[in-house]
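**Q** Submitted below is the structure of interest, expressed as structure tokens.
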Amino acid sequence: MRRRSAASAAVVLAVIALVGCSPEGSRPEEPVDPAGIVEEEFDTHVDADVEGMPPECAVVAVGWYPGIDISNVENLPADWPPAPRDSVLCATRGGGSIHTAAYASPLSIDEVFAFYEAALPAGFTAEHVSGEENGTGYGSLEGNGPGIAFQVRENDGGFTLAFAVEGS
């Protein structure tokens with residue numbers, strides 16, 4: 001039985017729409033937003049030569065490039081673990097109710113999921129969701145903590161973290 005709250009489900013749908021990633025680097029025609037909760041579209045193409053972008057990030061399909069500053073992710077829980085070894089921060093998005101950080105990583109997504117499952121702060125729970133189930137073709141680790149919903153989602157060349165305050 002699923003224990004994910006309605007708020008978490010809404011966060012997952014919104015993150016899918018915001019991240020804008022799809023299999024093999026292709027981009028969907030329209031953002032996935034059946035609940036009508038996303039107010040902005042992020043469809044800016046990411047060029048490998050964007051000033052300030054680490055070279056490892058050229059392979060990460062994030063669909064947007066607003067900045068590389070983890071402080072943009074204001075919803076990041078204070079006790080959230082740092083990214084797994086050899087991961088490189090490529091893009092962040094703050095503002096609004098969902099905040100995201102995209103990373104390039106040489107680790108497999110299973111290794112990334114295992115890392116976060118083992119390092120989840122006290123009071124956090126998580127479950128695996130298949131790419132078929134979430135409609136993106138990419139697996140995710142989704143869950144909740146005290147007042148926050150999160151998602152760790154596979155991207156081409158890495159992963160994205162997303163956080164939303166529950167009830168927002």
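Bear in mind that the values in this text are calculations on the coordinates, not laboratory data. Quick caveat: nothing in here was measured; it's all calculated off a predicted structure. Counting neighbours? That spans all protein chains shown, and the Cβs are built from the backbone with ideal geometry, glycine included.
To keep it simple, each residue is scored yes or no on (1) closer than 22 Å to Pro55 by Cα; (2) more than 14 Å from the chain's Cα centre (by Cα); (3) surrounded by fewer than 18 Cβ atoms within 10 Å (Cβ to Cβ).
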position	(1), (2), (3)
Pro82	yes, yes, yes
Ala91	yes, no, no
Ile109	yes, no, no
Phe124	no, yes, no
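**Q** Still on this structure: Among the residues of the range 93-107, what is the count of those that are closer than 17 Å to Leu141 by Cβ, among the hydrophobic types (A, V, I, L, M, F, W, C) and within 15 Å of the chain's Cα centre (by Cα)?
**A** Looking only at that region, the number is 3.
**Q** Sticking with this structure for a sec: Look through the range 137-157, keep the residues that are among the small types (Gly, Ala, Ser) and in contact (Cβ under 8 Å) with a residue 24 or more places away in the chain, and return whichever of them is nearest to His99 (Cα to Cα).
**A** If we take residues in the range 137-157 being among the small types (Gly, Ala, Ser) and in contact (Cβ under 8 Å) with a residue 24 or more places away in the chain, then Ala149 is nearest to His99 (Cα to Cα).
**Q** If only one of Ala114, Ala101 is in a strand (DSSP E or B) and surrounded by 14 or more Cβ atoms within 10 Å (Cβ to Cβ), which one is it?
**A** When all the criteria are applied, what remains is Ala101.
**Q** Of the residues in the range 136-146, how many are surrounded by fewer than 16 Cβ atoms within 10 Å (Cβ to Cβ) and of a type in the set (Gly, Ala, Ser)?
**A** Qualifying residue count for the region: 1.
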